[in-house]
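Chemist: So that we are looking at the same thing, I have put the structure below in structure tokens.
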């Protein structure tokens, strides 16, 4: 399902990934493939650009549209981190905390 722009594709096949934060209280995220896990302090999302970890306080999923790949989260946002191969040890530590 994940397609990336190679110059031969039309713009409509390019997956969009945007993170819009409003006042550190509301996040709108597009390009979400799936929600891996979440609770009131942490969300882990798989996006078209990699895994995105969101940390905060009193976090709640306000909206989820799986077909369009849109997630809205409300609460007090502390941290947004993309977990990728460059952060291998950090990512392993984060995943081990999530899946204890």
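Chemist: Which ranges mark the strands (runs of 3 or more DSSP E) fully within the chain that have 2 or more residues being at pLDDT below 95 and more than 16 Å from the chain's Cα centre (by Cα)?
Modeler: Hits in the chain: none.
Chemist: What number of residues in region 23-50 are within 14 Å of residue 79 (Cβ to Cβ) and crowded, with 17+ Cβ neighbours inside 10 Å?
Modeler: Residues in region 23-50 being within 14 Å of residue 79 (Cβ to Cβ) and crowded, with 17+ Cβ neighbours inside 10 Å: 5 in total.
The values are calculated or read from the model by the stated rules, or taken from the named source; none is laboratory data. Not measured: the values here are computed from a predicted model. In this analysis, Cβ positions are derived from the backbone assuming ideal geometry, glycine residues included, and neighbour counts consider all displayed protein chains.
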